[in-house]
Every structure is written in C-alpha cells, then in structure tokens.
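What follows draws every value from the coordinates through simple rules; no lab data is involved. This one's a predicted model, so the numbers in the text were calculated from it and none came from an experiment. Glycine gets a Cβ as well: all are built from the backbone with ideal geometry, and neighbour counts include every protein chain shown.
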Amino acid sequence: MSKLKEKLYTKIQAWRPRTAKLIKEHGDVKLGEVNIGQAIGGARDVKCLVTDISYLDPMEGIRFRGMTIPEVLEKLPKAPGGDMPYVEGHVYLLLTGDIPTEKEVAEVADEFRKRAKVPQYVFDVLRAMPRDTHPMTMLSAAVVAMQRESVFVQKYNAGINKNDYWDPTYEDAMNLLAQLPEIAAYIFRMKYRGDTTIPSDPTLDMGGNFAHMMGIAKPYDDVSRLYFILHSDHESGNVSAHAGHLISSALSDIYYSISGMINGLAGPLHGLANQEVLSWIQGVMAKMGGKVPTDEEMRQFVWDTLKSGQVIPGYGHAVLRKTDPRYMAQREFCLKHLPEDPLFKYVDILFRVVPPVLLEQGKAKNPWPNVDAQSGVIQWYYGVKEYDFYTVLFAVGRAFGVAANIIWDRALGYPIERPKSVTTAMLEEAAKAASAAKS
Ligand code: NMX
Ligand code: MLT
C-alpha cells in the first residue's frame, strides 16, 4: 500500500465513527426547510449534501480543507524555480486534509508516474472522432472508454465487502488522475497543432509535464499548477461535482462518474463560461477594431448584451456574493506576468464596468466576476488561443476534487442519492393551505 493510501485509510477509520454517530443519534436534527421557490429554483441553499474536501462561504469564497486560496498557495510545497505549488501536494491535501512534506509530495508524484500509461485504444478512440468534435466531448468519451479498466468493477464482481469499496475506488481514481493530463494535452496537440503530439516526460511533476506535453515554455508549468489547483473543487452542489457524486452514488465507477462530471461542466452556465468569455470579448474587440474601449463604450456593449437577452459570461454566481478569490488569484498572476496585455486590459475594464451595470439592471444576485472571467486571458497570452479548449483545463483540475470526494463518499458509505420530487398540483395545494392559514 502506498504511503498516501495508508494515511488515507487511517483518516477514514478515524472519521467513520463521526458520520455513524451523526446518523444514529442525531439523524432527525433539522438543517433547514425547503420552500416552493427552492423546489422550482434549482435547490438553491438547500443543505442536503455533505463534503469535507472544500467549503464555499458566500462572502469569503472557497476553502480547501479549511484553507483559503492564498493559504493553500503559500503553504503547499512549491516546484523548484516556480511560484506555484505542486499539484501532487494539493491532491495529498484534498485527500487527507494535511499539508504534505516535500518527501510526501515526491511519493505522490512517484505514485502518479507508475500509473501514467494511457492505453493506446484511448488515443485510437480520439483519433476516430471527427476532428471538429468539441474537446470536452473528446475528453468525456476518452474517460468513459477507459471504464473497462475499472478495478472497482472487478472487485465488486468478485464480491468485495462494502467497507472496502473506497480501496478500489482509490485505485481507479489515482489511475485516471495520472492519465488525464496526457489525454487533455493529446487532444490539444491533435486538434489544434497539426497532430504533433508530444510524449510525456516522466521526470517532470504533473504541472511541468502538462506544459511540456502542450508544447508551451515556462512559466506555463506554473500556469498549469495554478489552474488545476484553483479549479479542483467548489464544494459539492455545483453541477460538475454534484454530477460526479450523484453518478457514483449508484456505485457506477469513477470512469462513468468523471465522464458525467465533464458533461455537466461543458454547459455555458458552468465551466464552458470560460470559453464564452473569450468569444464574447473577441466580439467586443472586433466591434472596436482592436482598440481598447473607453469605460463608457464598454458599458454600452455590456448593456447591448443584456438587452439582447444574454448573460454576461464570467459574472454572477449561485452561491458567491463577492468577487471570486479564484478570479483574484488569476488577476494577481496577470498583474505580475502580463499587465500590458491588451486582452487583460479588456478584462480589467470589464471588472470596473460590469458590476455596476448588473446592479443597475437589478436581476443578478451577485454582480461580481467568477473564476471564468479571468482564466482565458492567461491561456490566450501563453498561446492557447483555441478557446474551445479552456473548459478541458477546468475539467482536468475539477477531476482532482471530484475524485477525492468520490473516494470519501465510498469510505463513509454514503447511500444512493434519491431526493423526492413533487407535482405542480402539490405545490399549488401547499400554497393554498399556506394562504388559508395566514388569513
Ligand atoms: N448576466 C446577466 N444576467 C445574469 C447574470 C449575468 N452574468 N447572472 C445572473 N443573471 C440573471 C439570471 O439569468 C437570472 O435571470 P432570470 O431571473 O431572468 O432568470 C437572474 O439574474 C437571477 O439569477 P441569480 O440567482 O443571480 O443566478 P443563478 O444562481 O440563477 O445563476 C449563474 C448563476 C452563474 C448561472 C449566473 O450568474 C450566470 O448565468 N452567469 C453567467 C455565466 C457564468 O459565468 N457561469 C460560470 C459560473 C462559474 N462556473 O464556472 O461554473
Ligand atoms: C464551480 O467552480 O463549480 C463554479 O463556481 C460553480 C459553482 O460553484 O456553483
């Protein structure tokens, strides 16, 4: 057993009695009530999911294992010569809740290295797809094609004890995570760089190797590390994390679950917003003939978009009620590395202009930018101008968090998810009864 898996098992054993006690002794304690608005309105604020991997406070933003983004970026061991932590260290943190030592990071890197070989048939599947297929479709297909590799399925069919489900789930998760960056880079080079794919370099860490396989020089290794860490998790209720959890609750293996996670992320209201931001800004640039607009010109453009019945991509959030700290972390990177970039200047103007416009319009509950408003600029600057690809980068990062959640779901024996639905007539009945009680 690897050191990480051993440590995880110790943590799981210590955690299980807490969950068991809550269910057994306090299962009927109320966390809140559900009203009609929530039942129709996408279950906003309904507290019915449990995760300890991350928590999203509306005002503060995400904490991974109790740590804010600046704390995570400061405390995790860093790749030599870089400013950003190893992705491998972040995986250790997500899984165990502890900051790893350099040695522990090296052990995780070694574990990933041993699992990194992507089966040839995955590349064959990708190559058989029409080249103009969206890269998210390719990624999802590649992941689900690998389902035949599932250790969980083999063990399940052999009659494994429920208590041990987490073990083959860990095996599947670590195998998939080790291979996902290469699959993503392969899609990129095959689709957008004339099919000149670059073999993996096993001497590099995950971020460094991803930059190498993308064919992009430093500091893109740091960009990749930052990107994968920032996108890794956003508690359980967002579409991608929830999709992964939901699918895996049926004991579908990690390949089915992560493929489903990718499909959820591919919607324009969720992860695809990062490509929408870029295509939208390109539209502004074309209208402006490339010149940087004044605040007033940009304001007009934002209003035109709203008046045509579209959303402003990269702004708003279902939970956050302030600027997303993931936006701020990327903004800081831009201010350091690309302050004069014309696209960054556009994004900077939007940061000033969009929130007051959304406030004036009065619909969006959160007028501030989310993670997707800033991320494409960095990719564009380092040469990844094919913005269809941006959500693939989000997906690789998100897989680290969702996989950690799924391993813990299996360790704590979370059951199949099955909320109850009602009919419109039942809601009308409930509304009538409430009105009668009031009068
Ligand atoms: N531009 C225009 N209108 C907006 C925006 C926006 N950025 N954000 C919310 N609204 C509207 C929303 O469409 C809704 O309108 P209506 O009443 O006509 O249906 C109204 O404001 C109330 O919505 P909220 O309750 O504030 O937001 P909700 O929780 O329903 O949705 C998002 C959250 C993120 C889907 C929404 O803010 C949005 O569509 N943003 C733009 C797309 C985006 O950036 N998505 C990425 C989110 C982060 N991620 O990576 O997943
Ligand atoms: C995410 O990272 O999943 C998004 O910010 C969406 C969300 O949390 O609702």
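Treating r as the C-beta distance of residue 30 and residue 148 and R0 as 51 Å, the FRET efficiency rounds to 0.70.
Over all Cα atoms in the stretch 272-337, the spread is summed up by Rg and Dmax: 13.4, 37 Å.
Given +1 at the Cβ of Lys and Arg, -1 at the Cβ of Asp and Glu and no other charges, the dipole of the chain around its Cα centre is 620 debye to the nearest 20. Cα convex hull, the chain: 168 Å³ per residue, rounded to a whole number. Here's the picture: charge each Lys and Arg Cβ at +1 and each Asp and Glu Cβ at -1 in the chain, and of 406, 308, 35 the one pushed furthest to the positive end of that dipole is 35. Using all pairs of distinct alpha-carbon atoms, the Kirkwood hydrodynamic radius of the stretch 160-218 works out to 12.9 angstrom. Assign one of three labels to the stretch 1-86, namely rounded, prolate or oblate, based on the Cα gyration tensor with a ≥ b ≥ c the square roots of its eigenvalues; rounded applies when a/c is under 1.5, prolate when it is not and a/b is larger than b/c, and oblate otherwise. Cα axes put the stretch 1-86 in the oblate bin.
Placing +1 on each Lys and Arg Cβ and -1 on each Asp and Glu Cβ, with no other charges, gives the stretch 197-282 a dipole about its Cα centre of roughly 120 debye.
The distance between label points at residue 196 and residue 6 comes to 4.6 nm (points 7 Å beyond Cα on the Cα→Cβ vector). With both labels modelled 7 Å from their Cα along Cα-to-Cβ, the residue 420 to residue 129 distance reads 4.1 nm.
For the stretch 267-380, the relative contact order is 41 percent, taking Cα pairs closer than 8 Å that sit 6 or more residues apart in sequence and dividing their mean separation by the residue count. What FRET efficiency comes out for residue 361 versus residue 295 if R0 is 22 angstrom and r is the Cβ-Cβ distance? Round to the nearest 0.05. Efficiency for this residue pair is about 0.85. For the stretch 369-424, the alpha-carbon coordinates run over 46, 37, 19 Å along the three principal axes, in decreasing order. Distance between the C-alpha centres of the stretch 241-283 and the stretch 126-204: 15 Å, rounded to the whole angstrom. If a/c stays under 1.5 just call it rounded; otherwise compare a/b with b/c (prolate if a/b is bigger, oblate if not). Do that for the stretch 53-199, with a ≥ b ≥ c from the square roots of the Cα gyration tensor eigenvalues. Because a/c hits 1.5 or more and a/b fails to exceed b/c, the stretch 53-199 counts as oblate.
When the charge dipole of the chain is built from unit charges on Cβ atoms (+1 for Lys and Arg, -1 for Asp and Glu) and taken about the Cα centre, the candidate among 86, 54, 374 whose Cα reaches farthest toward its positive end is 54. A dipole drawn for the chain from +1 and -1 charges on Cβ atoms has a positive end, and of 105, 320, 284 the residue lying farthest that way is 320. Charge dipole of the stretch 1-155 (Cα centre as origin; +1 on each Lys and Arg Cβ, -1 on each Asp and Glu Cβ, all else neutral): 600 debye, rounded to the nearest 20.
Between residue 285 and residue 337, the modelled label-to-label distance comes to 1.8 nm, taking each label 7 Å out from Cα in the direction of the beta carbon.
If R0 equals 35 Å, the separation of the Cβ atoms of residue 303 and residue 40 corresponds to a calculated FRET efficiency of about 0.75. Taking every Cα-Cα distance in the stretch 317-439 and sorting them into 10 Å bins from zero, the calculated P(r) comes out as 10, 24, 24, 20, 15, 5, 1 percent.
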